[in-house]
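> Below is a structure I'd like to ask you about.
The values are calculated or read from the model by the stated rules, or taken from the named source; none is laboratory data. Source: prediction; values computed, not measured. A quick note on method: Cβ atoms are made from the backbone with ideal geometry, for glycine too, and the neighbour counts reach across all protein chains shown. Please note that ligands, DNA and RNA were not included when accessible areas were found on the heavy atoms of the full protein model with its side chains. Shrake-Rupley method; radii C 1.70, N 1.55, O 1.52, S 1.80 Å.
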Amino acid sequence: MALTGIEIFKMLPKTNCKECGFPTCLAFAMALATGKAELDKCPYVSEEVREKLAEASAPPIRPVKIGMKEGVKTIGGETVMFRHEKTFFNPTLIAGLVTTAMTDAEVDKKLGQFMKLQYERVGLMLRPELLAILDANGDAAKFAALAKKVMDGSDAGLILCSENPDVVKAGAQVAKERKPLIGIATPANADAMGALAKELGLPLIAKAKGYDDLAALTTKLTGMGLKDLVIDAGSRGLREAFQDQVVIRRAALGPKFRPFGFPTITCPAQMTDDPVMEKLYAAVFIAKYGGIVVVNDLSADGIFPLLLQRLNIYTDPQKPMMITPGIYEMGTPGPDSPVAVTTNFALTYFIVSGEIEGSKISTWLLIQDTEGLSVMTSWAAGKFSGDSVAHLVKKCGIADKVKTRTLIIPGYAAGISGDLEEELPDWKVSIGPREASHIPAFLKNL
Ligand code: SF4
């Protein structure tokens, strides 16, 4: 049962030292109770109290990690029903499906498709992350061989799926270095599968149809000491599966119903044979509220829209996407190449850099730190001013790279040219176009 803010406050040191970032212990307690602060921020709670509070202040949906090292991914950890209330933190993972019923050629094709599905957009790498290996015939040796083949042929995080613990164990022994998600624990095999997950230290899928059975299953597994569970509510029709996602999220966040406080896995691959419908189902579960979606078809034209949809949903609208300020080489600029400057708002950077590269005129591009604001907004806010741009030019070292001293500023920031010329008397300030699409013609005429 979750504790109230006052109950938490009674266990805090009450010194109001502010080290947690809150003005008082009471304010910290209130933030803890609503999941808006982390207990670790207070260094003065005793171990005994820490244990008590850890449960009360735990995120309503437990974050679960899958994979190892740089490939590790987190699902769950969400705190709101709707993105506009705060943000969504951990993007839905997209998994391709391979089964022991497939031929070697079919598996090879899937692995090849999986490895090719990588797209760079706005400085981010978009790709599916997981491959789900499904046992189709209870053959442990075949399952282990398929796990080995997937390990050798891809860098995917893995999900090992069988209701037979011996089969899962055989696959996990091969794939343990990737710290796979294993399953499937059901009410019928919960003892054996729970013991296996505990022995291997791996996250476990808990699957049961019906909310009562599902809650009983996760309660039983957590009672065995397992913490990292992923819920499969078992439905394979769109309406029921969608309803399950909403009910589970609502129960976890509203009354903080702990048996449903885990991320979910959804399986469009088992809901339809039509690749287009499969992607539509996947899109539904990326929006609401799948931690993982498993799809069968890995064709690029189906996966790419899902990757973009996911990027849009899991991009925090309150935090502008930014790139690192500094000097960027467009093409192979030399001492006589022009120098342009713009802001570190990612969209601005990628549009401007795309147009410069399209012009085929090698250019030095300086990126000013405007905290992710666009040219017009940052100019209006005083973050793209004559002073700040001059400071960038003096400090970044561009003067050592060029003989020419022409600095191109965005047309929307023409108002800073006077200040800039005062600050940079050796430089000629040239006012560029307002629209990025006019950059190629501008550079060619320079
Ligand atoms: Fe109170 Fe701990 Fe925060 Fe200090 S750090 S104000 S003791 S909650």
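> Can you find, within the range 1-17, the residue that is most open to solvent (accessible area, probe 1.4 Å) among those that are near the ligand (Cβ under 10 Å from one of its atoms) and touching a Ser or Thr at 6+ places or on another chain (Cβ under 8 Å)?
If we take residues in the range 1-17 being near the ligand (Cβ under 10 Å from one of its atoms) and touching a Ser or Thr at 6+ places or on another chain (Cβ under 8 Å), then Asn16 is most open to solvent (accessible area, probe 1.4 Å).
> Name every residue in the range 192-210 that is within 12 Å of Ile231 (Cβ to Cβ) and open to solvent by less than 20 Å² (accessible area, probe 1.4 Å), in order of residue number.
If the condition is that a residue be within 12 Å of Ile231 (Cβ to Cβ) and open to solvent by less than 20 Å² (accessible area, probe 1.4 Å), then Pro203, Leu204, Ile205, Ala206, Ala208 are the ones that fit.
> Keeping to the range 331-358, report how many residues are under 29 Å from the mean Cα position of the chain (by Cα), of a type outside the set (Asp, Glu) and open to solvent by less than 60 Å² (accessible area, probe 1.4 Å).
10
> Restricting the range 125-144 to residues that are over 31 Å from the mean Cα position of the chain (by Cα) and not in a loop (DSSP other than H, G, I, E, B), which is surrounded by the most Cβ atoms within 10 Å (Cβ to Cβ)?
Ala140
> Something else about it: Write out, first by first residue and then by second, each pair whose Cβ atoms fall under 7 Å of each other, whose residues are 6+ apart or on separate chains, and whose first residue, in the range 298-321, is under 21 Å from Cys267 (Cβ atoms) and assigned to a loop (DSSP other than H, G, I, E, B) while the second is of a type outside the set (S, T, N, Q) and open to solvent by 30 Å² or more (accessible area, probe 1.4 Å).
As it stands, the answer is Ser299/Pro275; Tyr314/Pro91, since those pairs meet every condition given.
> Still on this structure: Just to be sure I understand, how many residues within the range 159-191 are assigned to a helix (DSSP H, G or I) and either open to solvent by less than 50 Å² (accessible area, probe 1.4 Å) or within 15 Å of Gly67 (Cα to Cα) (or both)?
The number of residues fulfilling the criteria is 13.
> Could I ask something else about it? Out of all the residues in the range 387-403, is one or more under 15 Å from Ser430 (Cβ atoms) and polar (S, T, N, Q)?
no
> Suppose we filter Glu78, Glu38, Glu47 for residues that are of a type in the set (Asp, Glu) and under 13 Å from the mean Cα position of the chain (by Cα); which single one remains?
After applying the criteria, what remains is Glu78.
> Might you let me know whether the range 113-121 holds any residue that is open to solvent by 30 Å² or more (accessible area, probe 1.4 Å), hydrophobic (A, V, I, L, M, F, W, C) and either over 26 Å from Gly194 (Cβ atoms) or in a strand (DSSP E or B) (or both)?
The answer is yes, given that some residue of the range 113-121 is open to solvent by 30 Å² or more (accessible area, probe 1.4 Å), hydrophobic (A, V, I, L, M, F, W, C) and either over 26 Å from Gly194 (Cβ atoms) or in a strand (DSSP E or B) (or both).
> Being crowded, with 18+ Cβ neighbours inside 10 Å and either aliphatic (A, V, I, L, M) or assigned to a helix (DSSP H, G or I) (or both) is the filter here; which residues of the range 360-376 pass it?
Ile361, Leu365, Leu366, Ile367, Leu373, Val375
> Within the range 29-54, track down each residue that is in a helix (DSSP H, G or I), of a type outside the set (Lys, Arg) and near the ligand (Cβ under 10 Å from one of its atoms).
Ala29, Ala31, Leu32, Leu39
> While we're looking at this one, here's another question. Has the range 92-106 got at least one residue that is within 20 Å of Ala252 (Cβ to Cβ) and either without any contact (Cβ under 8 Å) to a residue 60 or more places away in the chain or in a strand (DSSP E or B) (or both)? Let's see the steps before the verdict.
To start, the set of residues in the range 92-106 that are within 20 Å of Ala252 (Cβ to Cβ) comprises 92-93.
Then drop every residue that is not either without any contact (Cβ under 8 Å) to a residue 60 or more places away in the chain or in a strand (DSSP E or B) (or both), which leaves 93.
Scanning the range 92-106 turns up at least one residue that is within 20 Å of Ala252 (Cβ to Cβ) and either without any contact (Cβ under 8 Å) to a residue 60 or more places away in the chain or in a strand (DSSP E or B) (or both).
> Now a separate question. Give me the pairs, please: first residue somewhere in the range 13-25 and within 17 Å of Glu47 (Cα to Cα), second residue anywhere and near the ligand (Cβ under 6 Å from one of its atoms) and open to solvent by 90 Å² or more (accessible area, probe 1.4 Å), beta-carbon distance under 7 Å, and either six or more positions apart or on two chains.
Pro13/Tyr44
> A further question follows. Can you tell me which residue in the range 257-286 is surrounded by the most Cβ atoms within 10 Å (Cβ to Cβ), limited to those that are of a type in the set (S, T, N, Q) and out of contact with any Lys or Arg (no Cβ under 6 Å at 6 or more places or on another chain)?
Restricting to residues being of a type in the set (S, T, N, Q) and out of contact with any Lys or Arg (no Cβ under 6 Å at 6 or more places or on another chain), the top hit is Thr266.
> Consider Leu26 carefully, then state whether it is within 14 Å of the ligand (Cβ to nearest atom), surrounded by 19 or more Cβ atoms within 10 Å (Cβ to Cβ) and not in a loop (DSSP other than H, G, I, E, B).
Numbers: within 14 Å of the ligand (Cβ to nearest atom): yes; surrounded by 19 or more Cβ atoms within 10 Å (Cβ to Cβ): no; not in a loop (DSSP other than H, G, I, E, B): yes.
Judged against the criteria, Leu26 is not a match.
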